[in-house]
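Worksheet: one structure, shown below.
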Amino acid sequence: MKILILCTGNSCRSQMAQGWLQSFDKNLIVCSAGTEPEKEVNPLAIKTMSNSGIDISHHIPKSINEYLNEPWDYVITVCGEANDNCPVFKGKVRHRVHIGFYDPSKAKGTPEFIESEFRRICNQIKTKMYDFYTDEIQNGDGGPTCTCGANRFCRCN
């Protein structure tokens, strides 16, 4: 099973989602990419995931272009502002899914508040990725169930 997770910068949400999915099942091939990849993974994303027992410190932001010619079972977009900022992947994909999250790197305030936003979003990503994993991968019922052509994880339901 091959899964590609997409966002804009590939430095935070998509990296955390990749880490969580890989932690649920080591047999999954999970990659992440962005339309405008940052130079490095956000240090607070690395720290937050490390506090959850998952090491993403070796991850490197990658461009979506690296994956365009590969076939994918699932392509998951994780941008909260999907209609405006998330990439549309036009490669060989069996299922397209949108599971949007707020970008914690945009949080403003004290260092404590910003770290709490990273923890909050990290926990949301863990929960949603686990729901996706159990519903789609383990139970294998994946197909479209909404009018936009995605599935029950999209926001049009």
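Every number here is computed from the coordinates shown, using simple stated rules; none is lab data. Predicted model only: the values in this text are computed from it and were never measured. Neighbour counts are summed over all protein chains in view; Cβ atoms, including those assigned to glycine, are modelled from backbone coordinates with ideal geometry.
Taking amide hydrogens as modeled 1.01 Å from N in the peptide plane, which residues meet the under 5 Å criterion relative to Lys62, leaving out close sequence neighbours?
Gly34
List every residue whose amide H lies under 5 Å from the amide H of Cys79, counting only residues 5 or more places away in sequence or on a different chain, with H placed 1.01 Å from N in the peptide plane.
Phe101
Please list, in order along segment 46-52, the HN-Hα scalar couplings obtained from phi with the Karplus expression 6.51 cos²θ - 1.76 cosθ + 1.60 (θ = phi - 60°), rounded to whole Hz, x for Gly and Pro.
Per residue, the Karplus-derived 3J(HN,Hα) values read 4, 4, 5, 5, 4, 5, 8 Hz.
Which net charge results for the neighbourhood of Ile121, defined as the other residues with beta-carbon distances under 9 angstrom from its beta-carbon, given Lys and Arg at +1 and Asp and Glu at -1?
+1
So how compact is segment 2-138: Cα radius of gyration and Dmax in angstrom?
Values for segment 2-138 (Cα only, Rg and Dmax): 13.8, 43 Å.
Let me have the relative contact order for segment 2-138, percent, based on Cα pairs under 8 Å that are six or more residues apart.
RCO, segment 2-138: 28 percent.
How much net charge surrounds Leu68 when only the other residues with a Cβ under 10 Å from the Cβ of Leu68 are counted, with Lys and Arg +1 and Asp and Glu -1? Provide the component values of the computation, followed by the final result.
Numbers: positive: Lys90, Lys92; negative: Glu66, Glu70.
Net of charged neighbours comes to 0.
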